[in-house]
Amino acid sequence: MNTEKRIILGIHVKDRVKNASEVQKLLTEHGCNIKTRIGLHEVTGKYCAGYGIILLEMIGADAETDTLFNKLNDMKGVNVQKMVFV
């Protein structure tokens, strides 16, 4: 039985145009600790939503996840939630 802890970060980017490059920079810096990344935003025809959700499955040291969490959560227009499965 696998008892390894699973950590998922849910990132709500409220203004994708304004915040996307800085969010991407942080995700790149912590890329070795991101196992899975899923991006969600509404797109229909000519409309592309200005907000988005990113789901990250994290691996590695808890301190690395906490650092990324805090940096993202400190950004204006970005909110982060953490889920921990044991």
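Every number in this text was worked out from the coordinates using simple rules, so none of it is lab data. Every value quoted in this text rests on a predicted model; they were computed, and no experiment measured them. Glycine also receives a Cβ, built like all others from the backbone with ideal geometry; neighbour counts cover every protein chain displayed.
Summary table below
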read-out	value
Any hit, the range 7-16, residues being loosely packed, with under 13 Cβ neighbours inside 10 Å, among the basic types (Lys, Arg) and over 16 Å from Asn73 (Cβ atoms)	no
Every residue from the range 58-81 that is in contact with a strand residue (DSSP E or B) (Cβ under 8 Å, 6 or more places away or on another chain) and either farther than 18 Å from Leu26 by Cβ or exposed (fewer than 14 other Cβ atoms within 10 Å of the Cβ) (or both)	Asp62, Asn79, Gln81
